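The values are calculated or read from the model by the stated rules, or taken from the named source; none is laboratory data. Remember, it's a predicted structure, so these values are computed and weren't measured experimentally. With ideal geometry, Cβ positions are generated from the backbone for all residues, glycine too; neighbour counts draw on all protein chains shown.
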């Protein structure tokens, strides 16, 4: 799964009907410190994430395995809110 | 999902029969301001998008989860028309 | 879908039996003018394409949605032969 | 499959319920010597791997084919612990 | 499918039980001359390939469509042994 930071949100009135009721967040891939390094992507939120949260993103068909995203035309889902990351014996990120 | 801008269209007379009745649009991945940054790709339209629109693209098997694209040999679908994007507390894109 | 140009062909006598009867073409991703820009890949042909043709490629599980490729171990299929591409109001490619 | 080195771990209290009971490891893609070269990603462990181990990662829908990850919203799984790698006739990695 | 050259092999004693009986080869993506250009990856062999062979690799869910790899947690399979490649009217690779 990608480590990503939530940086914003997207609004789309006209969309496939299977997207109704989903929350679209803008995320950017992040490093082990939770700092955004990637380009903006849009993912469906399933864990009530907000701007600034560091999260995990599942992509592709795996993005449709949550109860909220099943059978929907979405290829990226936020399926976990990270509390902390430890790399090489160091806590590189901790949710404040 | 990728943020993309619709930049044109494609015509293909000879194609897999499962593609009949689909509209092929040329899109380019875009930044949070909706400005195209990526190379041209072709996606199936499901939201009546037009040139200049900023849209979301679902890729891979997820592209086959709309009623229009089910079981078709397509790996990219436009499944939402963006009204606006907000990043870091700023409205970076608004549909004009 | 990727825009690609057919640049050649591949021969493989020893292969998974599910590949029997398929035509293997070498393609390179192309720009909106149909000029090859990418590295050589191999795709299954379903539209009787030939060298020089500009085509669309569906990848991943979507490559198995044509009647010819169903259940086969292939991840790239040529599913449309492009007649033309229009980008930013200009015809950038037209089949000659 | 990607060759990767386990470099750490991730903790996530709030997550999709289908992730309960899984162990989240931080991995980085590695070269044939097992030296990390890629960015940090998070994968589900199925082989009791630990920091420093060199492993194989299966991605996408294939990540859901282990008994532990079936139907879960995960797109990367550690499904093998490497003992050794041989490239061009040389043992490039051996588990110590 | 990717064009790749087999450059070595991998040994993994501890692995998901669904991997038992599979042969793990190290491959590198190759150009149309069969020369390796990419980083080392691991793929399941289904065509009795050996070091030096130039092969085709199917990735993702397509890697699970051979009788040998069905339902296994693998995302890359060698499903054809290339005899030759022809690009722009020239034989760029021929198996020796």
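Look at residue B:13 and say whether it is within 9 Å of another protein chain (Cβ to nearest Cβ), under 28 Å from residue A:23 (Cβ atoms) and in contact with a strand residue (DSSP E or B) (Cβ under 8 Å, 6 or more places away or on another chain). Against the criterion (within 9 Å of another protein chain (Cβ to nearest Cβ), under 28 Å from residue A:23 (Cβ atoms) and in contact with a strand residue (DSSP E or B) (Cβ under 8 Å, 6 or more places away or on another chain)), residue B:13 does not qualify.
Residue C:78: in contact with a strand residue (DSSP E or B) (Cβ under 7 Å, 6 or more places away or on another chain) and closer than 27 Å to residue E:75 by Cα, yes or no? Here the answer is yes, as residue C:78 does meet what is asked.
Does residue E:39 qualify as being facing another protein chain (nearest Cβ under 9 Å), over 16 Å from residue E:93 (Cβ atoms) and surrounded by fewer than 21 Cβ atoms within 10 Å (Cβ to Cβ)? In short, yes. Answer yes or no as to whether residue B:96 is modelled with pLDDT under 95, surrounded by fewer than 24 Cβ atoms within 10 Å (Cβ to Cβ) and more than 13 Å from chain C (Cβ to nearest Cβ). Criteria met by residue B:96. In the stretch A:47-59, what residues are surrounded by fewer than 24 Cβ atoms within 10 Å (Cβ to Cβ) and within 8 Å of another protein chain (Cβ to nearest Cβ)? Hits for the stretch A:47-59 are A:47, A:48, A:51, A:59. Residues in the stretch A:46-69 include none that are in contact (Cβ under 8 Å) with a residue 40 or more places away in the chain, at positive phi and touching a helix residue (DSSP H, G or I) at 6+ places or on another chain (Cβ under 9 Å).
Taken together, B:24, B:68 contain a single residue that is more than 7 Å from every other protein chain (Cβ to nearest Cβ) and out of contact with any strand residue (DSSP E or B) (no Cβ under 6 Å at 6 or more places or on another chain), which is B:68. Here is the figure for the stretch E:23-36: residues that are crowded, with 19+ Cβ neighbours inside 10 Å and either under 26 Å from residue D:64 (Cα atoms) or without any contact (Cβ under 8 Å) to a residue 24 or more places away in the chain (or both) total 5. Residue B:83: surrounded by fewer than 17 Cβ atoms within 10 Å (Cβ to Cβ), facing another protein chain (nearest Cβ under 7 Å), without any contact (Cβ under 8 Å) to a residue 40 or more places away in the chain and more than 18 Å from residue A:12 (Cα to Cα), yes or no? Considered against the rule, which asks whether it is surrounded by fewer than 17 Cβ atoms within 10 Å (Cβ to Cβ), facing another protein chain (nearest Cβ under 7 Å), without any contact (Cβ under 8 Å) to a residue 40 or more places away in the chain and more than 18 Å from residue A:12 (Cα to Cα), residue B:83 comes out as no.
Taken over the stretch E:71-80, the criterion of being over 17 Å from residue D:60 (Cα atoms) and more than 7 Å from chain C (Cβ to nearest Cβ) is satisfied by E:78 alone.
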